[in-house]
Structures are given as structure tokens and as C-alpha cells.
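**Q** Pasting a structure here, questions to come.
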Amino acid sequence: MSTTIQSSIHQFIVKDTQGNDVPLSNFKDKVLLIVNTASKCGFTPQLGALEKLYAEYKDKGLEILAFPSNDFNGQEPLEGDRIKQFCTLEYRASYPIFDKIHVKGKEAHPLYKFLSKKKYNGKVNSKPMWNFHKYLLNKNGEVIDFFYTTTSPTAVRVKRAIEELLEV
């Protein structure tokens with residue numbers, strides 16, 4: 001990836017849990033909360049909190065994009081559709097869940113390099129230090145803010161930031 005600042009995530013293509021390409025341009029005009037997830041983590045119950053947040057705001061224009069990662073102590077042992085089945089059965093997740101990726105280091109997916117480095121996104125320097133690191137993006141696909149792992153998806157400050165972007 002070049003060091004030029006890109007204003008949006010809409011140039012990226014990711015894979016769904018079945019290996020199909022999904023252009024992130026499909027999410028234009030949506031406020032996005034992008035989260036790296038794991039099924040065997042102490043913070044895994046946040047999958048349910050993400051669903052609660054999604055149910056509250058999806059009809060107003062919020063999309064939650066979950067990117068499973070095994071980068072932190074091997075806490076995502078599942079692969080492909082098994083990840084999606086786990087999230088759906090255990091936490092009733094209905095938001096998009098993508099294929100497992102790397103979110104840190106040299107092997108980090110280009111999307112996560114963009115999200116975590118100000119030299120690429122123009123706004124935020126915050127790489128995931130653990131599972132469930134959250135990035136908030138506006139309707140133009142621009143990174144606006146981030147929330148650490150320990151911040152619940154349903155925390156007042158998260159909801160307030162989302163509402164501001166949704167103009168609710």
C-alpha cells in the first residue's frame with residue numbers, strides 16, 4: 001500500500017466467509033463500525049452487544065462489519081462459515097461477518113493497515129492491541145474515531161458518536 005492518504009475505505013475488497021469478494025463500496029452512505037472479533041476471547045460476549053447496537057441503529061443507516069482474527073493468542077480457531085455459524089447461533093449476530101484476516105503486523109490486511117495508520121486514513125493512529133478494537137467511519141467511508149477493546153459497543157459514548165454521524 002502506498003503512503004498516500006486515501007479518504008475512504010470504499011477502494012477495498014474483502015472476502016465473506018465463503019470466500020466471495022465483497023467491495024466495501026457496497027457500504028457507501030452507511031455509518032460503519034468495523035470490529036476485529038474472536039470466538040474464544042473474554043470479550044466475545046461483545047458479539048451480542050454488537051447485535052443489540054445493530055438492531056437499534058441498522059434501520060437508521062448503521063452497518064457493523066465484523067472481521068474475525070486469530071492474531072491475539074489464537075483466540076479465533078474457527079474458519080469460514082463455522083465462524084459465522086458460531087456468531088449467529090451463540091449471539092444471534094445478523095450483521096456482516098467476513099473471512100478471518102490478520103489485523104496487525106506485516107501480514108495485516110490492507111483494510112486494517114488503512115484503518116490503523118494516520119498516514120493512510122488521514123485521521124487516526126490506533127492499531128488493534130487485542131480483539132474487539134472498534135473503528136467508527138462516517139457515511140463517506142472516512143475514519144472518524146476508534147474505541148478500545150474494553151469499551152462496550154453499547155457504551156453511551158459509542159452510541160452518541162454513532163447518532164451524531166447518523167444525524168439522529
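We did not get these values from a lab; they are worked out from the coordinates using the rules stated. Note that the structure is a prediction, hence the values are computed from the model and not measured. Positions of Cβ are generated from backbone atoms using ideal geometry, with glycine treated the same way; all protein chains shown enter the neighbour counts.
**Q** Find how much the distance from LYS28 to GLU56 grows on full extension, using 0.36 nm per residue of separation minus their present alpha carbon separation; answer in nm with one decimal.
**A** Gain on extension, LYS28 to GLU56, equals 8.1 nm.
**Q** List LYS52, LYS117 from most exposed to least, where exposure is judged by having the fewest other Cβ atoms within 10 Å.
**A** By the 10 Å Cβ count, ascending: LYS52, LYS117.
**Q** Let me ask something additional. Give, in nm to one decimal, the length gained when the segment between VAL156 and GLU107 is fully stretched (0.36 nm per residue of separation minus the Cα-Cα distance).
**A** 14.3 nm
**Q** Suppose every Lys and Arg Cβ carries +1 and every Asp and Glu Cβ carries -1, with no other charges. What dipole size does the chain come out with about its Cα centre, to the nearest 20 debye?
**A** Around 500 debye, computed over the chain.
**Q** Express in nm, to one decimal, how much length is gained between ASN73 and LEU166 on full extension, taking 0.36 nm for each residue of separation and deducting their alpha carbon distance.
**A** 29.9 nm
**Q** Follow-up question, since we're still on this one. Using a Gaussian network for the chain with springs between C-alpha atoms less than 10 Å apart, which of these wobbles most: VAL124, VAL156, VAL103?
**A** Judging by the Gaussian network model, the answer is VAL156.
**Q** Also, quick follow-up: Once every Cα of the chain carries one equal point scatterer and solvent is ignored, give the base-10 log of I(q)/I(0) from the Debye formula at q = 0.09, 0.11 Å⁻¹, two decimals.
**A** Taking Cα atoms of the chain as identical point scatterers yields -0.25, -0.39.
**Q** Then there's this: Can you give the FRET efficiency to the nearest 0.05 for ASP21 and TYR148, using r as the Cβ-Cβ distance and R₀ = 41 Å?
**A** Taking R0 as 41 Å, the efficiency between ASP21 and TYR148 is 0.85.
**Q** Something else about it: I want the antiparallel fraction of DSSP beta bridges within the chain, as a percent rounded to 5.
**A** 60
**Q** With 29 Å as the limit, write out which pairs from LYS60/LYS119; LYS84/LYS119; LYS52/LYS104; LYS40/LYS106; LYS52/LYS106; LYS60/LYS104 have Cα-Cα distances beyond it, or answer none.
**A** LYS60/LYS119; LYS84/LYS119; LYS52/LYS106; LYS60/LYS104, as the Cα separations exceed 29 Å there.
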